[in-house]
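*Asks:* Would you mind keeping the following structure in view while I ask a few things?
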Amino acid sequence: MDFSIKAFDTKNTITSAKTGCIAVAVFENKKLSQAAKALDQGGDITAALKSGDITGKAGSTLLLRGISGTGAARVLLVGLGNDETVSEKSFTSAVNATLKAFASLGAADAIIALPMTDVKERDVSWAVRTIVCAAHESVFRTDGQKSKKDPLPAGVRKITLALDATGDVKTALAQAIAIANGMDLTKELGNLSANICTPTYLADTARKLAKDYKFDVEVLDRKQLQALKMGSFLSVTNGSEEAPKFIVLKHMGGKAKDAPVVLVGKGITFDTGGISIKAGPGMDEMKYDMCGAASVLGTFRAIGEMSLKLNVIGVIAACENMPSGRATKPGDIVTSMNGLTIEVLNTDAEGRLVLCDALTYCERFNPAAVIDIATLTGACVVALGHHNTGLFTRSDDAHEKLAGELLAAGKAASDTAWRLPIEEVYNEQLKSNFADLANIGTPGGASVTAACFLENFTRKYTWAHLDIAGTAWKSGGAKGATGRPVPLLSTFLINRV
């Protein structure tokens, strides 16, 4: 999908634009947007509204052909609801309806002339990003591993946004395209089968990103992890034939003296639960247990494309969690990189075991902030459903600021998070008779106790944890990775420049 921006004025009018289709807005009270008024020279659009063929309800559409006084082959009328208060929901519905209509057209190019500056409590950058990300989603394919690919649909592949092409808008478009490309990579990695998307595959993807965008990259193997005394991470890998990979990506786009932001991704490329094996139904979806890692790689794709002037480091702990004669058993005690011993009461609580060593490793970077991203707990899905990512931080001033930044970035990107507590009282649930910590807590607040477990390994820097178990993928007929939280993370980093 190609995007461009073009300003239409008295010298270069939208009525003279030569294109396959122009999408313009109409409203429930029979009013027309400015672009629709300009195209209504013969009264065809007004007549369509009066006839009741389109109501103006948000997301309704009507395709008109042969409109007099325009160079466009088609005009798509798109309902936008109430003209006085265009809501985020109405605009998003209108955009999705527009792109759905574009997909079935016999035209290769189109202009979107919806009122992008009129959305309540949103700016034009948000509108541009909404259009670009929705357009990418509309053409995203999941047939990469099919022997016979689905036929490529016709439809629009070049979209022009009717806007005043100022520097800010051009920047917004470039950022939107980069974020959408990052989301595509995250979705592609998540959707791949686990026999293809192994820890080695993730490492190779990181190396390709490093080559394409001039990142530094390092991949540590088992012997190096043993030398680092990552006993907790390695305990998860014991039952698998696949070699673990510890991936470090560095985008040093800021000043040399600036402390980096570190993104840490959980990369369990398949999670059987280990000896504490999961139930069969739905286990195929455990290929998505590496979506934290995929979101780090997708975010790096985005910031590399933007050449973001910020120091960012990505750390990915990648392995499988498999049962075998070598697998870690419930009751085993392992020693983490920072020296804390952990009683493994449930081998299906493995994400925190790989992350805790990755978080200790981050100390060497003297980071400005560390954010880990993980499909960590089903309890987070129970608490928040599939709408919000769970956000956990401590409650001192530095962490309150970090939490505020992440929440604001999520809201700006329509990739929202909701903050849940971290309090010392929850650590009482993690006590073990035989080790410093248990890897699961006593019943109740399981997403909180998981976050509190990780918090024990982050006390030398400012840290936040994003539990994406409910937002990283969809099940059922719409099964597939969502690309979240790449928009949240990318926006957070953009705002830090």
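The values are calculated or read from the model by the stated rules, or taken from the named source; none is laboratory data. Being a predicted model, the structure only gives us computed values, none of them experimental. When we count neighbours, we look across all protein chains shown, and the Cβ atoms used for this are built from the backbone with ideal geometry, even at glycine. Note: accessible area is taken over every heavy atom of the protein model, side chains too, but ligands, DNA and RNA are not part of it. Shrake-Rupley method; radii C 1.70, N 1.55, O 1.52, S 1.80 Å.
*Asks:* Sort the following peptides by mean Cβ neighbour count (other Cβ atoms within 10 Å, averaged over residues), highest first: 137-143, 107-113.
*Replies:* 107-113, 137-143
*Asks:* Here's another thing I want to ask about it. If R0 is 35 Å, what FRET efficiency do you get for Glu218 and Ala174 from their C-beta distance, rounded to 0.05?
*Replies:* E between Glu218 and Ala174, to the nearest 0.05, is 0.75.
*Asks:* Between Lys255 and Arg364, what is the spin-label point distance in nm, taking each point 7 Å from the Cα along the Cα→C-beta axis?
*Replies:* Between Lys255 and Arg364, the label points sit 2.6 nm apart.
*Asks:* Let me ask you something else. Along its principal axes, what span do the Cα atoms of the range 241-348 show, with the longest given first and each in whole Å?
*Replies:* Projected onto the principal axes, the Cα atoms of the range 241-348 cover 48, 35, 20 Å.
*Asks:* What FRET efficiency do you get for Glu424 and Lys278 if R0 is 35 Å and r is their Cβ-Cβ distance, rounded to the nearest 0.05? Kindly include the intermediate steps, with their values, before the conclusion.
*Replies:* Values: r = 31 Å, r/R0 = 0.90.
Here the calculated transfer efficiency is 0.65.
*Asks:* If you take the C-alpha gyration tensor of the range 191-307, multiply each eigenvalue by 5 and take the square root, what semi-axes do you get, largest first, in whole Å?
*Replies:* Square roots of five times the eigenvalues give 28, 17, 12 Å.
*Asks:* Give me the angle, in degrees from 0 to 90, between the Cα long axis of helix 199-213 and the longest principal axis of the Cα atoms of the chain, rounded to the nearest 10.
*Replies:* The angle comes out at about 50 degrees.
*Asks:* Another question about this same structure. Put Lys37, Lys11 in order of accessible area, largest first, 1.4 Å probe: what do you get?
*Replies:* Lys11, Lys37
*Asks:* If you don't mind, there's one more thing I want to ask. Can you figure out the FRET efficiency of Ser68 with Ile5, using R₀ = 25 Å and their beta-carbon distance, to the nearest 0.05?
*Replies:* Taking R0 as 25 Å, the efficiency between Ser68 and Ile5 is 0.35.
*Asks:* What is the gain in length, in nm to one decimal, between Arg157 and Lys50 on full extension, counting 0.36 nm per residue of separation less the C-alpha to C-alpha distance? Numbers along the way, then the final one.
*Replies:* Working: separation 107, 0.36 × 107 = 38.52 nm, distance 3.21 nm.
Taking 0.36 nm per residue and subtracting the Cα distance, the gain is 35.3 nm.
*Asks:* Dimensions of the chain along principal axes (Cα, Å, largest first)?
*Replies:* Answer, in whole Å and largest first: 83, 49, 43 Å.
*Asks:* If you roll a 1.4 Å probe over the heavy atoms of the protein chains, what accessible area per residue do you get for the chain, in Å²?
*Replies:* 41 Å²
*Asks:* What percentage of the solvent-accessible surface of the chain, computed with a 1.4 Å probe over protein heavy atoms, is contributed by carbon and sulfur atoms?
*Replies:* 51 percent
*Asks:* Starting at the first residue of the range 478-494, write each ³J(HN,Hα) from the Karplus equation 6.51 cos²θ - 1.76 cosθ + 1.60 with θ = phi - 60°, in whole Hz, x for Gly and Pro.
*Replies:* 9, 3, x, 5, 9, x, 7, x, 4, x, 4, 5, 5, 5, 4, 6, 4
*Asks:* Work out the length of the dipole vector of the chain about its Cα centre, built from +1 on the beta-carbon of each Lys and Arg and -1 on the beta-carbon of each Asp and Glu, and round it to the nearest 20 debye.
*Replies:* Charge dipole of the chain: 1280 debye, to the nearest 20.
*Asks:* Set the bar at 22 Å for Cα to Cα. Now go through Lys50/Lys89; Lys148/Lys479; Lys214/Lys401; Lys120/Lys158; Lys158/Lys287 and name every pair that lies beyond it.
*Replies:* Cα-Cα > 22 Å for Lys50/Lys89; Lys214/Lys401; Lys120/Lys158; Lys158/Lys287; rest within.
*Asks:* Next question, about the same structure. Using only Cα atoms, locate the centre of the range 35-108 and the centre of the range 12-26, then give the distance between them in Å, rounded to an integer.
*Replies:* Using only Cα atoms, the two centres lie 11 Å from each other.
*Asks:* Arranged from highest to lowest average of other beta-carbon atoms within 10 Å per residue, in what order do the peptides 272-281, 232-241 appear?
*Replies:* Order by mean packing, descending: 232-241, 272-281.
*Asks:* Kindly provide log₁₀ I(q)/I(0) values, in the same order as q = 0.13, 0.16, 0.17, 0.18 Å⁻¹, from the Debye equation applied to equal alpha-carbon scatterers of the range 1-123.
*Replies:* Taking Cα atoms of the range 1-123 as identical point scatterers yields -0.46, -0.71, -0.81, -0.92.
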